[in-house]
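*Asks:* Mind having a look at this structure? Questions to follow.
The values are calculated or read from the model by the stated rules, or taken from the named source; none is laboratory data. Note that the structure is predicted; figures quoted are calculated from it, not measured. Please note: Cβ atoms are built from the backbone with ideal geometry, for glycine as well, and neighbour counts cover all protein chains shown. With ligands, DNA and RNA removed, areas are computed over all heavy atoms of the protein, side chains included. Shrake-Rupley method; radii C 1.70, N 1.55, O 1.52, S 1.80 Å.
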Amino acid sequence: LKIAHIANTLDLTPEFAKETNEYNLTVDSDLNFVQIKAETESEFAHLSGAGTKELTSGLNKFEIVVTAEDGTKNTYTINITKEVSRNNYLSSLIPSVGALSPIFNKETLEYTLNLTFEDSELYFTATKESNLAKITGTENKVVPEGVSKREIIVTAEDGNTRTYVININKERNEI
């Protein structure tokens, strides 16, 4: 009995022994699929439950059933715990008008954005590093004259947040 991701075999606890029926494994949050590989000792036995398995966050329980020629069944349970993602970073943040200063870096949390009087609305295109994270604050909004602020909040799957602050300076109408 083996558990694999791409070409890497993952370690079961305890190590496989045919007399042991329950195994455990913990994997990183970015692992979405595993391949369960199993084979029987007898060519007359039937095996079910092996193959590619999708993982969700938390506990994933899979059963491998070996049915002997006489109908006797032996069930192996594999408990795979997928860790919850803590990634609350953006990989990019692009305003619909103007340019951020400094240039975007996922570790930098505060930016300045200078806009002209003609720039009446602003939205952000944000790309998250983890597809399990959620983003708020990117929607299109009217930009008031003078100084204002926008906050882009990224919430990781585990609930931790990261806030990117954009200080906006919009020219005033000098009529």
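*Asks:* So what are the ³J(HN,Hα) numbers for the stretch 51-56, from phi and the Karplus equation (6.51, -1.76, 1.60; θ = phi - 60°), rounded to whole Hz, Gly and Pro as x?
*Replies:* x, 7, 10, 7, 10, 10
*Asks:* Let me ask you something else. From the phi angles alone, apply the Karplus equation (6.51, -1.76, 1.60; θ = phi - 60°) to the stretch 107-115 and give each ³J(HN,Hα) in whole Hz, x where the residue is Gly or Pro.
*Replies:* Once θ is set to phi - 60°, the couplings for the stretch 107-115 become 7, 7, 9, 10, 9, 10, 9, 9, 10 Hz.
*Asks:* Pick out, in residue order, every one of the GluC sites (Glu not before Pro) in the stretch 1-92 that is DSSP loop and has at most 14 other C-beta atoms within 10 Å; say none if there are none.
*Replies:* Filter output for the stretch 1-92: GLU15, GLU19, GLU39, GLU41, GLU43, GLU69.
*Asks:* Of (i) 21.1, 67; (ii) 25.9, 94; (iii) 24.8, 82, which is the value of Rg and Dmax of the Cα atoms in Å derived from the coordinates here?
*Replies:* (ii)
*Asks:* Averaged per residue, what accessible surface does the stretch 11-167 expose to a 1.4 Å probe, in Å²?
*Replies:* Details: 9260 Å² over 157 residues.
Accessible area per residue, the stretch 11-167: 59 Å².
*Asks:* Continuing with the same structure: For the stretch 4-55, evaluate the Debye formula with one uniform point scatterer on each Cα (no solvent term) and list log10 I(q)/I(0) at q = 0.24, 0.27, 0.31 Å⁻¹, rounded to two decimals.
*Replies:* -1.13, -1.28, -1.38
*Asks:* Take every Cα pair under 8 Å in the chain that's 6+ residues apart, average their separations, divide by the length, and report that relative contact order as a whole percent. Write out the running numbers ahead of the final one.
*Replies:* On the way: 385 pairs, mean separation 29.5, N = 175.
Normalised by residue count, the contact order of the chain is 17 percent.
*Asks:* Here is a follow-up. Quick check: convex hull of the Cα atoms in the stretch 127-175, volume per residue, rounded to a whole Å³?
*Replies:* Working: hull volume 3.8 nm³, N = 49.
Once divided by residue count, the hull of the stretch 127-175 is 77 Å³.
*Asks:* I've got another one for you. Label-point separation (nm) for THR13 and ARG86, each offset 7 Å from Cα along Cα-to-Cβ?
*Replies:* So the label points at THR13 and ARG86 sit 1.7 nm apart.
*Asks:* Further question: What are the residues whose amide H is under 5 Å from the amide H of LEU115, where those residues sit 5 or more places off or on another chain and H is modelled from the backbone?
*Replies:* ASN169, LYS170, GLU171
*Asks:* Please list, or write none, the lysines whose alpha carbon is within less than 16 Å of the alpha carbon of LYS18, excluding same-chain residues fewer than 8 places away.
*Replies:* LYS2, LYS37, LYS73
*Asks:* Still on this structure, I have one more. Take every Cα pair under 8 Å in the stretch 4-53 that's 6+ residues apart, average their separations, divide by the length, and report that relative contact order as a whole percent. Write out the running numbers ahead of the final one.
*Replies:* Numbers: 41 pairs, mean separation 17.0, N = 50.
Worked out over the stretch 4-53, it gives 34 percent.
*Asks:* A further question follows. Taking H as built 1.01 Å from N, whose amide H comes closer than 5 Å to the amide H of VAL143, not counting residues under 5 places away?
*Replies:* HN-HN under 5 Å from VAL143: GLU121, LEU122.
*Asks:* Net charge near ALA133, counting Lys/Arg +1 and Asp/Glu -1 over other residues with Cβ under 14 Å of its Cβ?
*Replies:* On the way: positive: ARG86, LYS106, LYS128, LYS134, ARG162; negative: ASP30, GLU129, GLU157, ASP158.
Net charge in that neighbourhood comes out at +1.
*Asks:* Now for a different question. Nearest 0.05, what FRET efficiency do LYS73 and LYS2 give at R0 = 22 Å with Cβ-Cβ as r?
*Replies:* On the way: r = 21 Å, r/R0 = 0.95.
Efficiency, from the Cβ-Cβ distance: 0.55.
*Asks:* Also, I was wondering about something else. Along the Cα→Cβ direction, 7 angstrom out, place labels at ILE94 and THR56. What is the inter-label distance in nm?
*Replies:* For ILE94 paired with THR56, the spin-label model returns 3.4 nm.
*Asks:* Once neighbouring chains are kept in place and the probe is 1.4 Å, which whole percent of the accessible area of the chain is contributed by carbon and sulfur? Intermediate results must be reported in sequence, preceding the final value.
*Replies:* On the way: 5020 of 10670 Å².
In the chain, the share of accessible area belonging to carbon and sulfur is 47 percent.
*Asks:* Under 15 Å from the 7 Å Cα→Cβ point of THR20, by amide nitrogen: which residues of the stretch 66-101?
*Replies:* 76-80
*Asks:* Could you check the spin-label model distance between ARG172 and ASN114? Points 7 Å from the Cα along Cα→Cβ, value in nm.
*Replies:* Taking the simple label geometry, ARG172 and ASN114 are separated by 1.7 nm.
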